[in-house]
Every structure is written in structure tokens, then in C-alpha cells.
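K.L.:
Got a structure for you, questions after.
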Amino acid sequence: MEANTPQFKLILGSSSTARRKILADMGYQFTTMSADIDEKAIRKEKPEDLVMALAEAKADAIISKFRKTENLEKDVNPTILVAADTVVVYEGVVREKPSSEAEARQFMKDYANGHAATVSSVLVTNLATGSRRGEWDKVEIYFHDIPDQVIDKLIEEGIVLYAAGGLIIEHPLVLPYIKEVVGSTDSVMGLPKALTERLIKEVL
């Protein structure tokens, strides 16, 4: 498989474990850098615009950090940066990471017997040429009822507190209550594979 011997260096601009796993599953070797930007400072009306703006802000922050430490000119192979962002949309409202256990609980109660969507952006920049391509992907998720004791367990365990919209569909406790996912699971987890693959090819 040619993906294992890429003619470029790849940086994942994210500290997300799920995104790291997805990119590794795609057969890429890469390093990670995180952006450390104030995401709350970026506000857009539409979720699609918001995730694109956030991915751009992350990419720009990482590129300026990277230029300070690396000399790009001496590199034969281009360096490709993948930045991404995901938000959950419920009844037209963008949901970020829950601010408290109570909010996480409310989020999950809302999803029970209902549905939510995730909007994920991918922005790929070729640091050698400056070429940049980005797009977003939307997935709809439908839920069965989620019992209170399951919600209690999830909150006690705590991972949902760090997930956009308190939503983790691949979690073993949540999986039985997912009725249908219209779109790809990797997109919900933060990095749509097919889109990422295509954008990397486009900037090379």
C-alpha cells in the first residue's frame, strides 16, 4: 500500500485521540501538534461556517508555531497539515463540550428518542506550496431511548464531558441506543476518512 510510504510529511493538527486513531487506521504515519486557540472567541451563525473557521484558526496557529521551529526550505518532501473541527447540532443549535455534568446530562436526555447531527470540517494545507483545501461533512444520528442509569454511568466515567455535545456514538454504553447513523461514523468521531484522503491528494 503506497499510503505507508508517503512522499510527504503529515502533521495532524489535533490532540484528539479519536482523530489520531482514524488517521493511523488510514495507513498514515504522522506527528501531532495542537493549536491552543481560544475556540470560544470564534463565533459564526451557521455550524458549517463555524467548523470551517475553527479549522482555519487552528491551522494558522499551528503553521505560525511550526515556521518558528522548522526550516521548510531544506525539506525535499512537502509537509501536509490536517486540521479539523467537529460540532454537534441539536434542533438547529450548535453544541460544544458540556460546561458541567448537569449540562452533559441534559444533552443526553435531549438525544433520547430524538436525533442530533455532527458537522465536521477538514482543512488540509500544503506548507511547501501554501495550497489549501477544506470542506465540511454532516452526519445525522437517530437515538432510541437512553436509560437514566446509562447516562449516570457515562457522566461518572467522564469522557462525555470532553466530547462536543456530550456525544460519543462509538462508546460501548451508547452503541445499543443508536437507532441509525446517516453518514460515516469516522465523521462523527471527528475525521471523515474519504474527505480527508481526497483533500490530501488535492493539495499535493
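K.L.:
Does region 30-44 contain at least one residue that is modelled with pLDDT of 95 or more and more than 21 Å from Leu204 (Cα to Cα)?
P.N.:
Checked region 30-44: no residue is modelled with pLDDT of 95 or more and more than 21 Å from Leu204 (Cα to Cα).
K.L.:
Let me ask something else about it. Considering every residue within region 59-80, establish whether at least one is surrounded by 17 or more Cβ atoms within 10 Å (Cβ to Cβ), part of a strand (DSSP E or B), in contact with a strand residue (DSSP E or B) (Cβ under 6 Å, 6 or more places away or on another chain) and among the β-branched types (Val, Ile, Thr).
P.N.:
Scanning region 59-80, I find at least one residue that is surrounded by 17 or more Cβ atoms within 10 Å (Cβ to Cβ), part of a strand (DSSP E or B), in contact with a strand residue (DSSP E or B) (Cβ under 6 Å, 6 or more places away or on another chain) and among the β-branched types (Val, Ile, Thr), so the answer is yes.
K.L.:
On the basis of being free of Cβ contacts under 8 Å to residues at least 40 places away in the same chain and of a type in the set (Asp, Glu), does Glu140 make the cut?
P.N.:
No.
K.L.:
Any residue in region 90-101 that's β-branched (Val, Ile, Thr): show its pairings with residues that are surrounded by 14 or more Cβ atoms within 10 Å (Cβ to Cβ) and part of a helix (DSSP H, G or I) at Cβ separation under 8 Å, as long as the two are six or more apart or on different chains.
P.N.:
If the second residue must be surrounded by 14 or more Cβ atoms within 10 Å (Cβ to Cβ) and part of a helix (DSSP H, G or I), the pairs left are Val94/Pro47; Val94/Leu50.
K.L.:
Just give me the residues in region 15-29 being under 18 Å from Thr125 (Cα atoms) and free of Cβ contacts under 8 Å to residues at least 24 places away in the same chain, in sequence order.
P.N.:
Answer for region 15-29, where residues must be under 18 Å from Thr125 (Cα atoms) and free of Cβ contacts under 8 Å to residues at least 24 places away in the same chain: Ser15, Arg20.
The values are calculated or read from the model by the stated rules, or taken from the named source; none is laboratory data. Note that this is a predicted model, so its numbers are computed, not measured. Note that each Cβ is placed from the backbone with ideal geometry, even for glycine, and that neighbours are counted across all protein chains shown.
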